Amino acid sequence: MSTFKLDSLLGRLWADFTTLNPQAQEIHALLERRGETIVNDHIAFRTFSDPRMSIDVIAAPFVRGGYVEKSHYHFAQKKLDARHYEHSDPGLPKIFISELRLPELSTTAQATIQQLLDDADAETWSSPEVCLCGRPWNPTIGDYEQLAAESEYAGWMAALGFRANHFTVYVNALKTIHSLEELNALIRQAGFPLNTEGGEIKGTPQVWLEQSSTLAPTIEVLFRDGPQRVPGCYYEFARRYPLPDGQIFNGFVTQSADKIFQSTDRR
Ligand code: NI
């Protein structure tokens, strides 16, 4: 029964993600036309380090569905903590959840974020699916600009709230594409710009994980005082390598993820 609910949640997360980021659906279709069946490596979520919506709160429905916490990550410069979760069913994606450490922001940014959090309906936080509730607050364009200037991550959260930040194609499962370079070339040729921050490919076989991602296309978001275009969601690509013991590496590489976060930076 819990698996059924999890499938439904994953399906709705994909529907919301592709509505915001139609390029993911196009890339999906492009791969399917080659006869590929896409396996999702992981889904990523973002949140704030407030007890009402911490990583634990976002993870709760997944943990109830059988997911287990595996590793912790820290991003000093971006002021983020993250954890990843895995399910015993290898067909289910890993779940990667990061949170912005609010006490490390300026007092101005903290005050703006507290205002947003207090604006949200208290029932939002008791919903079993906070991860898919969208934006439960209503910032002004000025709030957004001020937060994004200090932390791109805070700006993205203020504008878009709770939803899948990205899904990830598991490159190992592709039959007609044999490297991340090859997939990147295909994506570029199809007209989707890639994140080149720190190089198109983040990571190496030596750290057992290579990743790349599209740049999040901008979307129009309605703020309290009008519409504004902001970076939305992106699609990621991951190729994993076996550890010395022969098991495929299932974790994440902080140095690479740090650059992947910048796929939603304003340009
Ligand atoms: Ni990712």
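The values are calculated or read from the model by the stated rules, or taken from the named source; none is laboratory data. Quick caveat, the model's predicted, so the values are computed rather than measured. Methodologically, a virtual Cβ is constructed for each residue, glycine included, from the backbone with ideal geometry; neighbour enumeration extends over all protein chains shown. Surface areas here come from the heavy atoms of the whole protein model, side chains and all, with no ligands, DNA or RNA. Shrake-Rupley method; radii C 1.70, N 1.55, O 1.52, S 1.80 Å.
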- Given the options 28, 42, 166, which has the most mean-square fluctuation in a GNM of the chain, springs set between C-alpha atoms less than 10 angstrom apart? 28
- Note on the structure: Counting only DSSP loop positions in segment 126-224, the chymotrypsin sites (Phe, Trp or Tyr not before Pro) whose Cβ has at most 16 other Cβ atoms within 10 Å are none
- With a sphere of radius 12 Å drawn around the Cβ of residue 218, what net charge do the other residues whose Cβ falls strictly inside it have (Lys, Arg +1; Asp, Glu -1)? +1
- Query: Hey, how many Å between the Cα centroid of segment 59-87 and the Cα centroid of segment 121-156?
  - Reply: 20
- Where the accessible area of the chain is counted over protein heavy atoms with a 1.4 Å probe, how much of it, in %, is carbon and sulfur? 53
- Note on the structure: For the chain, averaging the sequence separation of alpha carbon pairs under 8 Å that lie six or more residues apart and dividing by its residue count, the contact order in percent is 20
- Residue by residue through segment 242-251, which ³J(HN,Hα) values in whole Hz follow from phi under the Karplus form 6.51 cos²θ - 1.76 cosθ + 1.60 (θ = phi - 60°), with glycine and proline marked x? x, 6, x, 7, x, 6, 5, 5, 10, x
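Mean residue ellipticity at 222 nm from the helices of the chain, using -39,500 (n - 2.57) per DSSP H segment of n ≥ 4 over the full residue count, to the nearest 500 deg cm²/dmol? Show your work: numbers first, answer last.
Values: 8 runs with 90 residues, N = 267.
Mean residue ellipticity, 222 nm, calculated: -10500 deg cm²/dmol.
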- Query: Whose amide H sits under 5 Å from the amide H of residue 221, counting only residues 5 or more places off or on another chain, with H placed in the peptide plane?
  - Reply: 228, 229, 230
- Item | Hz values of 3J(HN,Hα) by residue in segment 47-52 - Karplus curve (6.51, -1.76, 1.60), Gly and Pro given as x | 7, 9, 7, 9, x, 5
- Message: If amide hydrogens are placed 1.01 Å from N in the peptide plane, which non-local residues have theirs closer than 5 Å to the one on residue 94?
- Response: 42, 43
- Under a 1.4 Å probe, what is the accessible area of segment 3-264 per residue, stated in Å²? 42
- Item | Charge context of residue 263, other residues only, Cβ under 11 angstrom, K/R +1, D/E -1 | -1
- Query: According to the square roots a ≥ b ≥ c of the eigenvalues of the Cα gyration tensor, what is the shape class of segment 111-173, taking rounded for a/c under 1.5, prolate for a/b larger than b/c otherwise, and oblate for the remainder?
  - Reply: oblate
- Message: List the residues, sorted by chain then number, that are 5 or more residues from residue 133 or on another chain and whose placed amide H is less than 5 Å from its amide H.
- Response: 162
- For residue 255 and residue 206 in one chain, what is 0.36 nm times their gap in residues minus the Cα-Cα distance, to one decimal in nm? 16.3 nm
- When all C-alpha to C-alpha distances in the chain are sorted into bins of 10 Å, what percent of pairs does each bin hold, rounded to whole numbers? 7, 30, 38, 20, 5, 0
- Once the Cβ-Cβ distance between residue 108 and residue 175 is put in as r, and R0 is 51 Å, what FRET efficiency do you end up with, to the nearest 0.05? 0.50
- Message: Taking θ = phi - 60°, what integer Hz values does the Karplus form 6.51 cos²θ - 1.76 cosθ + 1.60 yield along segment 160-166, in sequence order, with x for Gly and Pro?
- Response: 10, x, 9, 5, 5, 6, 7
- Across 216, 15, 82, the residue with the highest GNM fluctuation in the chain (Cα network, 10 Å cutoff) is 15
